[in-house]
Amino acid sequence: MSQVPDDVREKAEELSRKINYHNYRYYVLDDPEISDAEYDRLFDSLVKLENNYPQLKTADSPTQKVGGAVLDSFKSVKHRTQMLSLNKVNTKAEFMEFHRRIIELTKIESADIEYTIEPKFDGLAVELIYENGILTAALTRGDGITGEDVTFNIRTIGAVPLRLNLNDEMPSLLEVRGEVVLSISDFERLNKQRLEKEEEPFANPRNAAAGSIRQLDSSVAAGRPLDFIAYGAGEFEGVEIGSQVELLKFFKKAGFKIPEYADEKRSYQEVIEEYGRILEHRGSYRYEIDGTVIKLNDFEMRMAAGELSRSPRWAVAWKFPPSQEQTMVEEIFVNVGRTGALTPVAVLKPVRVAGVTISRATLHNEDELKRKDVRVGDTVIVQRAGDVIPEVVKVIKEKRAGTEKKFEMPDKCPVCGARTQRLENQAATRCTNKSCPAVQKEYIAHFISRGAMDIDGLGYKTAEKMLENNIIKNAADLYHLKKEDILRLERMGDKLADNILNAIDKSRHPDLQSLIFALGIPNVGGYLAGVLAREFGSIENLSEQTVEQLESVQDVGPIVARAIYNYFQEAQNLKFLQRLKDGGVVFPENNATEITDILADYTFVLTGSLQFCTREDAKSKLEALGAKVASSVSGNTSYVVAGEKAGSKLEKAKKLSIPVKDEDWLVSLLESGGKNIDD
């Protein structure tokens, strides 16, 4: 390979600088300085140089924004720090209760508390990871702990810099969190193009954005006008940032779009006023928004407020009142879910609500159906609950003509014909047949999903066809499949069958949390599955617990405890577990130290590279001993553990006179089970 002449390298670097500058003007500032033709000439010149000298084609070259990579599947990757979800408030009174809790948690006077407020975008949350200023990875939120690697697709977005636009204070690590969005005008244009091609239009901008990012062919994302807005950070090293306002100004300097009006600090009274203004102008925003996000501005104050298991105490989403429209109920049917619950669903005359066409709405359960007295033929008011789930708000009884028909919950399952039953003190009517195809279909969809057994190569539609063709009867049968079984499916080829078998085989070694979640025990979600995994260490141990023992576990209430206990008392469930084992599924046992509170009074910050394990593993081990592991240094930090190439967190710890420990100390602490914390 010929050496690149100095003048050619300098020309390529100059072209890259110019193209990146004009990308920033066009995608971030919406203020281009040159014509499309001039831009194309610059871009084509760089492409020609890189084709002649492939050594010039670096990861941060603007030419690498053009999609083309096609993946077999998305890889699951753990976030360094959890991507938390926001708690919600809906009224001024609820916001004031949030403010009162902030005062209580931080011990700070109301007048001294500063917030930021920004529009809450309806898009796809992602995390962009920059190392020494270069974009190296991009992950979806996923379940907050683990996301999907969508780097190839994110790289195609014009508003995402491949290299941070900074000449100084370049962070060694920066995790930028934000939203992939599609403007309303671009969404309408995209749907018009799809209709012209006789393709199914997208339901809303969020679905279009999320669907684009989850395409295995990155050229699909490259062909759509996606945008990115930065509003938060995970971990960062090599730069000092102490507040949300500072963070957003830093993002803007680095080349990102930020939320409108978010880089100003406000009192709680000003937040209330700004919420009203944003609500009033909701329809004029370029992007769909469904509320506002209020955050404590000061990062040290956030540390004092703390976090819950899945959401921060220092931030809240103040949602807009849901948009409502009027339409007619054309039919009512019942849907049979994973637990056998029969949910009445209203089929509606299609109506557009908050940018989405609604044709169905849940009626929740029999009691709710009777309370609202919804009948076939009724004129009703519908809304998107939380701007997401369509629901019937009320019937306009004045418009009844006398021909409307009442609906009664069926005494037989509409799918399998088995008897239905409603137990005392329960709202749901359920199919009594555990083998009901509808129950199994929904259960398998849950079982194979990410966060559960994560059988990535097996799609929901394929699993459904296996059930319909009696190739499998339940999820455990997946582990007994042979290639000839799969090839019986219509349009199934050798390669696809092999991919499915490989995916199933890969899932035979789940972690305990994923396995517990996959079992589908009522009210046991991903977070609670993790609590149970750490507390009991194995499926066998969990299955032997009494209701009282289960209730003694933090976060497990009496209803959940009874559901877990009942699951392991049913012979059919025990047969299912045995069939999983017979199919080669390894039931893991946690060897980690059981959760204790020995380090409950301590907050750690980890910085730099650790040799004996990853920072995520160290964090898990410390949390298992009851410790809190924070992402930034503050006055509440007990110890900073500094590995190799520790950055700004180490410097801040020294300024605040916080004890700094090395990796050997951390290893000794963990080996002692936290007992030598004061040695």
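Since every read-out is calculated from the coordinates, none of them should be taken as a lab result. Keep in mind that this is a model prediction, so the values were computed, not measured. For neighbour counting, all protein chains shown are included, and Cβ atoms are generated from backbone atoms with ideal geometry for every residue, glycine included.
Beta bridges from DSSP with both residues in segment 603-671: antiparallel share about 10 percent, rounded to the nearest 5. About the centre of its Cα atoms, segment 512-582 shows a dipole size close to 260 debye [charges on the beta carbon of Lys, Arg (+1) and Asp, Glu (-1) only; nearest 20 debye].
Ordering F604, G647, V392 by the projection of their Cα atoms onto the charge dipole of the chain, which places +1 on the Cβ of Lys and Arg and -1 on the Cβ of Asp and Glu, puts V392 at the extreme positive end. Considering only N499, F536, T339, the residue lying farthest towards the positive end of the dipole of the chain is T339, judged by Cα position with unit charges set on Cβ.
In this Cβ point-charge picture (+1 for Lys and Arg, -1 for Asp and Glu), the chain has a dipole of about 1940 debye about its Cα centre. Our helix-only sum for the chain, with -39,500 (n - 2.57) per DSSP H run of n ≥ 4 divided by its residues, gives a mean residue ellipticity at 222 nm of -10000 deg cm²/dmol.
Amide H contacts under 5 Å for I332: V347, restricted to partners 5 or more places along the chain or on a different chain, H placed in the peptide plane at 1.01 Å from N. Ranked by the mean number of other Cβ atoms within 10 Å of their residues, highest first, the peptides 431-437, 334-340 come out as 334-340, 431-437. Using the Cα gyration tensor of the chain, with a ≥ b ≥ c the square roots of its eigenvalues, what is the shape: rounded (a/c below 1.5), prolate (a/b larger than b/c) or oblate (neither)? Note, shape of the chain comes out rounded. For V393, V586, V345, V126, the sequence from fewest to most other C-beta atoms within 10 Å is V586, V393, V345, V126. Taking a straight line from the alpha carbon of K649, these lysines sit under 19 Å away, with near neighbours fewer than eight places off in the same chain left out: K619, K628, K661. Of all complete DSSP H helices in the chain, not one has a Cα span along the helix axis of 30 Å or greater and a mean Kyte-Doolittle hydropathy of -0.5 or more. In segment 324-413, the DSSP beta bridges split such that about 95 percent are antiparallel, to the nearest 5. In terms of its C-alpha gyration tensor, segment 470-628 comes out oblate, because a/c is 1.5 or above while a/b does not outweigh b/c. Of the chymotrypsin sites (Phe, Trp or Tyr not before Pro) in segment 227-335, the ones in a loop by DSSP (not H, G, I, E or B) with at most 16 other beta carbons within 10 Å are Y261, Y285.
For the chain, excluding the exposed loop sites themselves (GluC sites (Glu not before Pro), DSSP loop, at most 11 other Cβ atoms within 10 Å), the longest remaining stretch covers 200-407.
In this label model, K107 and K249 are separated by 3.0 nm, measuring between points 7 Å along each Cα→Cβ vector.
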